[in-house]
Each structure stands twice: as structure tokens, then as C-alpha cells.
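Below is one structure, written out as C-alpha cells, with a few remarks after it.
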Amino acid sequence: MARILVIEDDPATADHIVASLQAHGHVTTHVADGALGLERATREPFDAATLDRMLPGCDGLSVVEALRARRISLPVLMISALGDVDERIAGLRAGGDDYLVKPFAPEEMAMRIEVLLRRREDPANTATLQVGDLVIDLLRREVTVAGQPVRLLHMEFRLLEFLVRHAGETLSRRIIFEQVWGYYFDPGANLINVHIARLRKKLDRPDRPSAIVTVKGEGYRFDAD
Amino acid sequence: MPIERLHLGQIRRTSTFRLTALFGLVFAVGVIALLGLIYGLSARELTLRTDRILRVEARRLRASSPETLPERITSALAHSTSGLNYFALQSRSGEPIVGNLTIVRSFRFDHPVNIAAQPGAHGPLRVLAIEAPTGETILIARDIAPIVDLRRRILEILIGSGMAIVVLVLGAGVLLSLAPLRRVRDLQATSRAIAAGRFDLRMPVSTRGDELDLFAGTVNTMIEEVERVVAQVKGVTDAVAHDLRTPLAHVRGQLERAIALPDADPRSVALNRAAMVDLDLVLERFGALLRISQLEASGRQAGFTTIPLAPLLDSLCELYEPLAEDAGVALRLGPIPDATIRCDPHLLFEAISNLLDNAIKFSPSGGEVVLGASLDPEGVSLTVRDTGRGLAPHERAAALRRFYRGVDAAGIPGSGLGLSIVAAIVHLHGFTLELGDAAPGLIVRIRAPAA
């Protein structure tokens, strides 16, 4: 359970964000005003925030800039109807941690919040990641399943690392593409499906179900058990 | 704005230079005609004056009696202190009788003629021959060296001033052409930047109010109108993004929540899921359309950087190789030259992704897709070649239009907007996009001019 600050002026959008975050077991605080949001974020210990890019009065960019100027490292997911790459760059440069374009599926938004929360918890200098009998040696870039080495290509390794770091979370194909490959466009669902299929082929064992689970209509989840 | 060197060839073609040269030519012809007239008149006057002197002397000698004629000639010579006068009396057979002039030739009486200089004897002469009453020939001559000198000087002045005028006119033409030409170059550079989407720029206008300023002012008015229209289109796009996509997303959210209800009827869940699939298709097309509009309205060059070609194409191949393998298509990277390209790497990646996605989709199982690059003096060419059915020549232009789906595209997923996105990205970069026949299959070529 995490405390999430929702700064959004559109009541319908705010309603969807709040409902989706609460469905994921988070506690939400909603404010419709940028200045008020900045004040609450400064005073109260939130774990993450969603921030509308275009707010009346103090816009989203100014809010996140003010937060960073006050050395508040609260993870911020910026949400905007402006999908231009320049707008995305501006949002991230101002100090946003992720950028989501309206309209969005509330589930997609919740996933991104989970990714931000996990990133905060994750010790960056971990040398190995272990989930069940899967071990990823981040320094040597080696992977073993039940002690057996698995040879992965560069991007396969990065894909697995991302899935494992977010084990238990459902990740949309778009999030996977953005976070693993670093490009911000829709490459089509099939492209990510085939990469996942290839990874499964290398990791899976015939006697047990795949650790990478397809979540119908949403994306993929790496199961810890 | 880069400063380009002005070449003489460009200067020579300017209207200012041509007008100055034409004006200079007319001026030079006028000056030369005037000086020529002065030359002709003064030469004629000097000759007439010499002839008058010769005729006065001739009259005086003719009036002498035949007996005293030799004596009068000797006396005239003695009195000539200038040293310019020459006299001679010749017998009928041409033998010299008296005088300081020896010319062996026949003369027409009473018609003065010029005789060239004889080194050691005399300078250039004007000679008048008259017949003495006794039948001998009297030659009266005058040295015309000063006149010849004067003529030569006038001629020299004529040629010198003509040449000076030509040089001055050419120089003035070059100088006068430089400033307008520089301004035209500035206008050109600005118009190129505006054509690339920088609608915030305006044509430079000086305080002179000349014809170039009039032209720049007119163009600026036009750009303001274009900027207004583009802003309007972008405004409509943003409004569409905000006002239509957001409620659609809300509908999707509500459908999701309806599906998640614990007591949901399985039939309505199935219907809701089908509605969500349709909604996703609408949103996907919406997203692609907005993406194209953003790219077309955008003049952004902020993300432009020069990158090596090979790593970009390598990572594209790596990204699409599993998709190709899944479709039973061999994806191959052709030989890549050691070249760089100035682009927005994210956008170029997106464009080639779309091309690879299409090529894999439209290639039959067992087919081949080749991503290649080549370098020539004109720049870099990036090619994606497949072994699909290709496009008939009349279909190629249509394929770049929005929502175009080939006649064989039924059953192949896609919004029909992929190539339009590619075209918009290519246009944004100032590159060119060509669709050709790979016999069999389609070859798509992106040409980037040399940096």
C-alpha cells in the first residue's frame, strides 16, 4: 500500500485515476489545483504522484520544477493530452519520472505508478536478482535457471531484468517497449509478444508453467512463484 | 544561419549587375563617341590650319618672278625660325634645284598630302605641291609632328578612359550587386527555415523600403496567415486530443470496471470485451492520426543530432528479427557504410520500424526482408526491401495517403497509417521517400541529403 497524490483538474479523469489506484490497494489524495498540489506534496510524505500537465493557475511543469527545486524526490507520473515528443521531453526534463498521454487506460496508469514505486524501492547497486530458481547476475550479465546457465542476447537480458525487477506487477506492452527499448511510439502488440515468446522459450522448463504470464488485454506479468 | 560565400557567377547573374553593366556600356559608348568627335574635329582643324599656312606660302611664292623664285625660297628658309617649314624647287624631271626638302615622287598640284617621317631627314610632313610659271614644281611642307603627337595623345586618352570606364562599371556592378545579393541570400535562408516549419521566423525587412522590402513584407503577411492556419489546425488537433480522446478513454475505463464487477454477467463481459477491442482500434487510429498531425505541424529540430548509421540499423534489426522469424521471413541487414546521418534518432527509428513492420507483414512465409544503406555523393540512402507482392505504380502514391490499405491487405492487421507516419517523419527531416519495384516485392527508399 502506498500513498499517492493525484493532481488532476478534470473530475472524470481524477475519478478514474483514484478508482484504479484504490483498486490496486493504494491510498489516494486528490487535489484539483497545481498550487495546492505543490503545497501538499511539500508538506506530506507521499510515495508517488500523478500530475496533470495542463492545470489552471500553476501548470504541471511548474509544479514538478518547484518540487525538484525543493529537493523533493517524489516520483511523479506526468499525464497530458499533449502527446508530442517535445512535450514528453519537456515533462521529463522538468523533473517528471514518467509521462503518460491522454487518453489512457486507468490500468496502464496504475502499472506506471507501480513501476515508479518499485524503482524507488529497488536498490540500484544490487549485484544479483533472484526470483525462485531464476538468478540474474547483473555484473557478469549471466542468467541461470535452477543452476543451469541460459544464454540471452543483450536485449533479451534487459527485457528479463525489467520483468524480474517488477515481478508480480502487470506490465503493458507499451510500458515494456518504453522502459526496455527506450522508444516512445506504439510498435504494435505483436512485436513485444514475439520477444516475450522468445524469452519464454529460453527460460521455460517443460515440467512447469511459464514464469512470464500473459494477462489478457493488459500485458505481461513475471510471477515470483 | 551559415554564411555562404558569394561567387562571381552569382553576382554576374544579378539584375543589379546587369543593369549597371548595361548603363556602363551606354555611358562608355557615349564617352568614346564624344572623345572621338573631339579627336576628329581637332585633327581636322589642325590639318586645315596647316593647309592654310601652306597656301599662304604658296601664294607668296607663286607671285614671284621665275628668276627670283630660287632666291625667294632660300630667303623663306632663312626666315623660318621655327624649323617647321620645308621648301623645295624641283625641275620638271624631279631634280632638286634649291631648298631643304628632297622627295622623289610625283604630286598632284594644289592638293596637300601627308608624308611619313624620314629618319635623319625630316619628321612627318604635310606637303603642298604647286606648279611654278616656268613649269618647275614648288614643294611647300610643314612638319606636323606636334599634330601627330597631339592626335596620338587624344587616342591614348580615348583608349585609357574607355578601359577605365569598363573597369569602373564592372567594379561598381559587383559592389552594387553585393548588398542586394546578400539580402536575397538572407531571404533565401530564412524562407528555407520557414519551409522547414519555423513559422516564428520572418523575412528580414530593412528600413530602405525598396523592392526587396516590399517583396519580403508581402511574404511575411503570407507567412503570418500560414502560421495562423497551422496554429488553428494544431489547436483543433489538441482539442480533438483533449475533448474526444479523453471521453473515449473514460468509456474504456468504465467498460473495464464493468468487466471487473464481481457479479458481472458473462455475456455482458464478452460484449464489453468486444466493445473494448473496437474502442482500442478507434483509439489506435486516433493516436496514429494525431501523431501524423503533430509531426506535420511540428517544425521541431530540437531532437536533431548526428549519429552513426550502423548502431541504429543494428538495433532495428535486433528488434524486428524475432517478429520476422515468427512470420517465417528472413530479416537481413545489408552492408552498412561507415556513415553518419543528421536526424532525430527516435523519429527515424520509428519511421524505419514502420517500414520493417510493413515489409514483414506483407512478405510471404519463406520471403526475405533486407534493411540496407548506401552512401553516394548526394547523401545517404536507407532501403527496406521485401519479397511481397509489391505495389503497382499507380498504387505507390496512394499508399502514402492516410488510411490507404492495399488490395491484398485484407486480413492483415494495421491502421493503414504506418506509411503516412513514415512520410510525415521523412518530410520533417527534409528527406525524400520513394517507393519502387524490387522485382519481386517493394523497395522503400529514404534519401537523406549529405550533411
For B:D376, state whether it is under 21 Å from B:S353 (Cβ atoms), at pLDDT 80 or above and in the same structural domain as B:L323 (by TED's automatic domain parsing). no
Condition check: surrounded by 14 or more Cβ atoms within 10 Å (Cβ to Cβ), modelled with pLDDT of 90 or more and away from every other protein chain (no Cβ under 11 Å). Does B:V230 satisfy that? no
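Conditions (1) in contact (Cβ under 8 Å) with a residue 40 or more places away in the chain; (2) in the same structural domain as A:D10 (by TED's automatic domain parsing), marked per residue:
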position: A:G96; (1), (2): yes, yes
position: A:V145; (1), (2): yes, no
position: A:R151; (1), (2): yes, no
position: A:E169; (1), (2): yes, no
position: A:L191; (1), (2): no, no
Restricting to the range B:384-414, what's the tally of residues that are β-branched (V, I, T) and either within 36 Å of the chain's Cα centre (by Cα) or modelled with pLDDT of 80 or more (or both)? 2
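Working only within the range A:60-95, note down all residues that are of a type outside the set (G, A, S) and within 14 Å of chain B (Cβ to nearest Cβ).
First pass over the range A:60-95, keeping only residues of a type outside the set (G, A, S): A:61, A:63-65, A:67-68, A:70-72, A:74-79, A:82, A:84-89, A:92-93.
Hits for the range A:60-95 are A:I79, A:L82, A:D84, A:V85, A:D86, A:E87, A:R88, A:I89, A:L92, A:R93.
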For a quick check of your reading: which strands (runs of 3 or more DSSP E) sit entirely within the range A:131-225 and have at least 2 residues that are away from chain B (no Cβ under 14 Å) and under 14 Å from the mean Cα position of the chain (by Cα)? A:219-222
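Is it fair to say B:R208 is modelled with pLDDT under 80, away from chain A (no Cβ under 11 Å) and under 30 Å from B:R13 (Cβ atoms)? Steps first, please.
Working: modelled with pLDDT under 80: no; away from chain A (no Cβ under 11 Å): yes; under 30 Å from B:R13 (Cβ atoms): yes.
When the stated conditions are applied, B:R208 does not pass them.
Look through B:G372, B:G366 and report the one residue that is in a loop (DSSP other than H, G, I, E, B) and either in contact (Cβ under 8 Å) with a residue 40 or more places away in the chain or over 33 Å from the mean Cα position of the chain (by Cα) (or both). Give the derivation first.
Details: B:G372 fails: in a loop (DSSP other than H, G, I, E, B).
After ruling out the rest, the residue left standing is B:G366.
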Identify, from the list B:I32, B:I73, the residue that is part of a helix (DSSP H, G or I) and in contact with a Leu (Cβ under 6 Å, 6 or more places away or on another chain). B:I73
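Out of all the residues in the range B:103-139, which are charged (D, E, K, R) and part of a loop (DSSP other than H, G, I, E, B)?
B:R105, B:R108, B:D110, B:E136
Tell me, which strands (runs of 3 or more DSSP E) lie completely within the range A:29-115 with 3 or more residues that are at pLDDT 90 or above?
On the way: elements: A:48-52, A:76-80, A:98-101.
Per the criteria, A:48-52, A:76-80.
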In the range A:96-109, how many residues are more than 7 Å from every other protein chain (Cβ to nearest Cβ) and more than 13 Å from the chain's Cα centre (by Cα)? 1
Mind telling me which of the residues B:L347, B:L371, B:L331, B:L312 ends up being crowded, with 21+ Cβ neighbours inside 10 Å, in the same structural domain as B:D437 (by TED's automatic domain parsing) and within 23 Å of A:F157 (Cα to Cα)? B:L331
Just one listed residue, out of A:E161, A:E169, A:E142, A:E156, is charged (D, E, K, R) and surrounded by fewer than 17 Cβ atoms within 10 Å (Cβ to Cβ), and it is A:E142
Testing B:T81 on (1) farther than 22 Å from B:F109 by Cα; (2) of a type in the set (S, T, N, Q); (3) surrounded by 13 or more Cβ atoms within 10 Å (Cβ to Cβ), one condition comes back false. Which one is that? (3)
Suppose we filter the range A:24-53 for residues that are more than 20 Å from A:R71 (Cβ to Cβ) and either outside the structural domain of A:A90 (by TED's automatic domain parsing) or free of Cβ contacts under 8 Å to residues at least 40 places away in the same chain (or both); how many remain? 10
Looking at A:L21, is it touching a residue at least 40 places away in the same chain (Cβ under 8 Å), within 14 Å of chain B (Cβ to nearest Cβ), surrounded by 15 or more Cβ atoms within 10 Å (Cβ to Cβ) and in contact with a helix residue (DSSP H, G or I) (Cβ under 8 Å, 6 or more places away or on another chain)? yes
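The values are calculated or read from the model by the stated rules, or taken from the named source; none is laboratory data. Computed from a predicted model, the values in this text were never measured in an experiment. All Cβ positions, even for glycine, are placed from backbone atoms using ideal geometry, and neighbour counts span all protein chains on display.
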